[in-house]
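A quick write-up on the structure given underneath.
Coordinate-derived values only; no laboratory data. Owing to the predicted nature of the structure, the values given are computational and were not obtained by experimental measurement. Don't worry about glycine lacking a Cβ; one is built from the backbone with ideal geometry, like all the others, and counts go over all protein chains shown.
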Amino acid sequence: MRVNSIIAVLVSLGAADALSLKKAMDPFCLLGACIENKEDIKKAKEDELKADQEAKDLAKKAEELEAWHKEEAERQKAEEMEKKQKTEDEANFCTCGAWMCQLNDQSTCWKKCCDNQFGGPPPTRPPVADISTDKMMGVPGYTPADPTIGQQASWHPADWQPKGAVSIPFVGDIDATWLVDQVNNVIWPNHKKKR
């Protein structure tokens, strides 16, 4: 009978898989209290120390990887800033002209002069007002344009100021400027003169 029981145990062990063997080797537990031998306790402590060491190694590798990612991001940011500064420096030496926009070559100078990047084209002086070529200068009350202050040309009859004196019979000579001011105050009382 003993032989039969040994054979039955061997057959059952042969059919068991690794998980069930491990389960069979686990300590016996009942209501939270387990019975273990000295070897099981020693092995559990070794496993715990090994797991702690692996956790520390993984944490160290994670810190190293995070530091590398941070350094890589800073390096890329520095490279981008350097490239941007180099492009802006190049844009400062551009000479803008009408021919530049016809090229449309997407170069740094084209972007500055024609696409208004990098602060747009450099400021130019406004054209000097050449009053001698203005055909309206002979019209009384005409005020020429002044691009240096952004003033547009305008005309209003009340802005006309004659020079000299006007002779009126039985009154005498009257200053022409005073006379025109009196007439304008009656006709255009709210007009501000552009003198």
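Overview of results
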{"item": "Cα→Cβ-extended label distance, 7 Å offset, between Ile41 and Gln85, nm", "result": "6.7"}
{"item": "Cross-link partners of Lys45 among aspartates and glutamates (Cα-Cα below 17 Å; sequence separation of 8 or more within a chain)", "result": "Asp26, Glu36, Glu54"}
{"item": "Sequence ranges 100-109, 134-143, 168-177, ranked by mean other-Cβ count within 10 angstrom, highest first", "result": "100-109, 134-143, 168-177"}
